[in-house]
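Data block below; observations after.
The values are calculated or read from the model by the stated rules, or taken from the named source; none is laboratory data. Keep in mind that what you see is a predicted model, and the values were worked out from it rather than measured. For neighbour counting, all protein chains shown are included, and Cβ atoms are generated from backbone atoms with ideal geometry for every residue, glycine included. Ligands, DNA and RNA are stripped out before the accessible areas are found, and what is left, the full protein with its side chains, is counted by its heavy atoms. Shrake-Rupley method; radii C 1.70, N 1.55, O 1.52, S 1.80 Å.
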Amino acid sequence: MVQAERLGKSFQTDNGPLSLFSDINLTIKRGESLAIIGPSGAGKSTLLSLLAGLDDPSEGQIQLAGQPLRALDAAARADLRRRHLSFVFQSFHLLPELSALENVMLPLEIRGQTDARQQAEHWLDQVGLAGRLDHYPTTLSGGEQQRVAIARAFATAPDLLFADEPTGNLDSQTGQAIIEQLFQLNREQQTTLILITHDEALAARCQRRCRLQQGQLHEVVE
């Protein structure tokens, strides 16, 4: 599903180039769950952006869903993400002027699906929000907002789901419930999951773990 070869990312500073990480090799098969762990500032979210084709590496190459990202322009990358990817972020990224139902319907409507409302209602029911369809983000708790985000992510039947610190803004009890739903839906839909986290216990739920630290990515082997 994802293959990265000799991947590196550096930035230009007043004191010259600064390397965030380099020589990263990573292969993720369809249906796998992988956690990328490491301390704050290690570059985990930057690596996610590269793997999703949202940013360009300074060196190396990435294949996403069989497509070499370097060969695609911005429009082709956006189309690739639209067809294969979904995201769940720490800060939810819901549109405040849209209801829970409308937030989930939006990516389906962009795709031109005629059953957008039916699918959105189904997925909100799956995450326990059937009674909150018409509520706006400001009237939902943090956990409810994250469940809307998860429903929106799975409604498009993605081949690959990126989750970047999905419980970072939630209390521990709510966060645990969100994680249970995330992994349950992942198993049921056979979606490839790439999870960015600093939480070792959460990472242990994944089939594989890789640690990004001091510019290098290493697989954690028990």
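Selection of the stretch 74-112 for residues being modelled with pLDDT of 90 or more, part of a helix (DSSP H, G or I) and hydrophobic (A, V, I, L, M, F, W, C) yields ALA74, ALA75, ALA76, ALA78, LEU80, ALA100, LEU101, VAL104, MET105, LEU106, LEU108. Somewhere in the stretch 85-101, is a residue on the phi < 0 side of the Ramachandran plot, out of contact with any Gly (no Cβ under 8 Å at 6 or more places or on another chain), without any contact (Cβ under 8 Å) to a residue 40 or more places away in the chain and buried (at least 18 other Cβ atoms within 10 Å of the Cβ)? Looking for residues that are on the phi < 0 side of the Ramachandran plot, out of contact with any Gly (no Cβ under 8 Å at 6 or more places or on another chain), without any contact (Cβ under 8 Å) to a residue 40 or more places away in the chain and buried (at least 18 other Cβ atoms within 10 Å of the Cβ), one finds at least one in the stretch 85-101, hence yes. Among the residues of the stretch 65-75, those identified as exposed (fewer than 11 other Cβ atoms within 10 Å of the Cβ) and within 21 Å of the chain's Cα centre (by Cα) are GLY66, ALA74, ALA75.
With respect to the conditions (1) open to solvent by less than 60 Å² (accessible area, probe 1.4 Å); (2) part of a loop (DSSP other than H, G, I, E, B), SER22 lacks only one, and its number is (2).
A search for C-beta distances below 6 Å between a residue of the stretch 7-33 that is among the acidic types (Asp, Glu) and any residue that is part of a loop (DSSP other than H, G, I, E, B), counting only pairs 6+ apart in sequence or on different chains, returns GLU32/GLN207.
Within the stretch 113-148, the set of residues being open to solvent by less than 10 Å² (accessible area, probe 1.4 Å), in a helix (DSSP H, G or I) and under 18 Å from GLU188 (Cβ atoms) comprises ALA120, LEU124. For the stretch 173-194, the condition of being surrounded by 16 or more Cβ atoms within 10 Å (Cβ to Cβ) and of a type in the set (D, E, K, R) holds for none of the residues. Scanning the stretch 25-64 for residues that are surrounded by 17 or more Cβ atoms within 10 Å (Cβ to Cβ), in contact with a helix residue (DSSP H, G or I) (Cβ under 7 Å, 6 or more places away or on another chain) and either hydroxyl-bearing (Ser, Thr, Tyr) or under 21 Å from LEU161 (Cβ atoms) (or both) gives SER33, ALA35, ILE36, ILE37, GLY38, ALA52, GLY53, ILE62, LEU64.
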